[in-house]
Amino acid sequence: MINTSNGTMNNSSSATTQSPPLKTYFKTPEGRYKLHYEKTHPSGLLHYAHGKTVTQVTLAHLKDKPTPSTPTSQSSSFSASSGVRSAAAKLLGGGNGSRALSFVGGNGSSKSVGVNSRIGSLGASSTSNSMVISNFDGKGTYLIFNVGDAIFISDLNSQDKDPVKSIHFSNSNPVCHAFDQDAKDGHDLVIGLNSGDVYSVSLRQQLQDVGKKLVGAHHYNKDGSVNNSRCACIAWVPGGDGAFVVAHADGNMYIYEKSKEGAGDSSFPVIKDQTQFSVAHARYSKSNPIARWHICQGSINSMSFSPDGVYLATVGRDGYLRVFDYSKEQLICGGKSYYGALLCCAWSMDGKYILAGGEDDLVQVWSMEDRKVVAWGEGHNSWVSGVAFDSYWSAPNSNDNGESVMYRFGSVGQDTQLLLWDLEMDEIVVPLRRCPPGGSPTYSTGSQSAHWDNVVPLGTLQPAPSMRDVPKLSPLVAHRVHTEPLSGVIFTQESILTACREGHIKIWMRPGVAESPSSNSETLLSNSLKEKPSLSSKVGNSTHKQ
């Protein structure tokens, strides 16, 4: 457990007691980011009967109790994290099916006495279940994270460390989850288990219930009836009217409709070629899942929908980033890591760039326009486990059209570090072998970096380029934020959230925010939702073998 004081933090339970104390701030050109508070779980409640898992974090914003009204923004614009947001940023970033979320203070503020009284009794409600919140219908922003055999739900705007709710699973461990802020009915949270089972539930209903089990859940892939391999990542389909996708450790991804429970004949034909991308549809209209995508050999470690919902990016055990046109069910492009598996991915808000990180310790910047890697970030000393663009950061200079010429993004790794990077595309010059006048594009042979010099043919998966052919980025900031390996990072309007694999979450307030009052939190949140409709809210979509 990490204890925080105003100065430094001491780690009382980690084996790294000889490490220097962690600082409670880090510096950037725009000022200091300060550790505001932490979220964790009651250590006594953990059970590891089914093996340890990596903590993922999902941000979930509960709006007013559903009433017939016009949504403030188009549902097709939310990102799916880390699949952009649902595509689940394990903490952040990435993604889940929720929309841009900001850190705000005081869920329910002074209007929701019931919510505040519940927050004030966090300890009691998370251990003795003595409180009943039958009339809970307030707004709020919550952190959903998995540790061991449990899902924990914490109030992001309360400084209490302990969660307000714990949900325990008896047969398997939860390993991934995603929230859909634009769900048209009650079920807005999907959870994938180590056993392959999948559940959809209402987050509000879980918060109302005093028990420690899921209530009102729909159960899919029961007992591995469709696929008995581990769920690796899960995401809501942007604008998909209740559709969600579940990727498994065997390289298959399934598309479900939450309006159907997992019933009927849901068998699919045998995959003829494990090395090729293929799509199979269910034979009957009542079947759920409705389709299977065979994407790769080995686990699909992370996936993320583009902000407009058109494209789906996946990264896997085989080291390839793949980009699909989701509605057309077509592989568009992709490329290989320099070494080893890729573990995480995230889109830029304009859909022009994709970040990917993994076992080569590099952060890969992929250009959709050029269909290739345009930069590598070097700075991590171990595997990169979480990446995300900071959509709330404003570049110091922009062009006449108001378009940002610079991007800020973050990455976290098993080296316990948070790295912040600035990417200015005007300064990135990729060495190219130009086509001779009037000639056809030349294909560079004889090296691992062979690639087309012009636009790559549709559906081409490129080998890793040579190190000398790709510009290198150095981090703007490198800060050791936890004592344990990290699993995810999330950017909000007012903070950066980092999460470690053991289930500890830290909230770092942006420069100038920590001192400001939070009385206008609802205004800030509504503004952030309008301005940044596709922020990834999931952290750490990567999965690691222990």
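The values are calculated or read from the model by the stated rules, or taken from the named source; none is laboratory data. Predicted, not measured: the structure shown is a model, and the values here were computed from it. Neighbour counts run over all protein chains shown; Cβ positions are idealised from the backbone, glycine included. All accessible areas refer to the heavy atoms of the entire protein, side chains included, with ligands and DNA or RNA removed. Shrake-Rupley method; radii C 1.70, N 1.55, O 1.52, S 1.80 Å.
All other residues with a Cβ under 11 Å from the Cβ of residue 310 taken together, and with Lys, Arg as +1 and Asp, Glu as -1, what is their net charge?
-1
With a 1.4 Å probe and every protein chain kept in, tell me what percent of the accessible surface of segment 179-317 is carbon plus sulfur.
47
With the cut-off at 1.5 for a/c, could you classify segment 219-286 from its C-alpha gyration tensor as rounded, prolate or oblate?
It comes out rounded by the Cα gyration axes.
Sort the following peptides by mean Cβ neighbour count (other Cβ atoms within 10 Å, averaged over residues), highest first: 322-330, 22-30.
Ranked by mean Cβ neighbours within 10 Å, highest first: 322-330, 22-30.
Where nothing but the Cβ of Lys and Arg (+1) and of Asp and Glu (-1) is charged, how large is the charge dipole of segment 187-320 around its Cα centre, in debye to the nearest 20?
Result for segment 187-320 is approximately 220 debye, rounded to the nearest 20.
Under the 0.36 nm per residue contour assumption, what length would be gained going from the current alpha-carbon distance of residue 213 and residue 458 to full extension?
Contour length minus the Cα-Cα distance gives 83.5 nm.
With label points built 7 Å along Cα→Cβ from the Cα atoms of residue 225 and residue 184, find their separation and express it in nm.
For the pair residue 225/residue 184, the computed spacing is 2.6 nm.
Arrange the peptides 482-493, 199-210 so that the one whose residues have, on average, the most other Cβ atoms within 10 Å appears first.
Output ranking for 482-493, 199-210: 482-493, 199-210.
Return one whole number: the accessible area per residue of segment 270-374 in Å², for a 1.4 Å probe.
36
When you count, for each residue, the other Cβ atoms within 10 Å and take the mean per peptide, how do 232-238, 273-279 rank with the highest first?
So the peptides 232-238, 273-279, ranked by packing, come out 232-238, 273-279.
Quickly work out the residue 395-to-residue 52 label distance, labels modelled 7 Å from Cα along the C-beta direction, and quote it in nm with one decimal.
Once both label points are built, they end up 4.1 nm from each other.
What FRET efficiency would be calculated for the residue pair residue 480, residue 275, taking the C-beta separation as r and a Förster radius of 35 Å, to the nearest 0.05?
Plugging the Cβ-Cβ distance into 1/(1 + (r/R0)^6) gives 0.30.
Residue 23 versus residue 329, label points 7 Å from Cα toward the beta carbon: distance in nm?
Result for the modelled spin labels: 5.3 nm.
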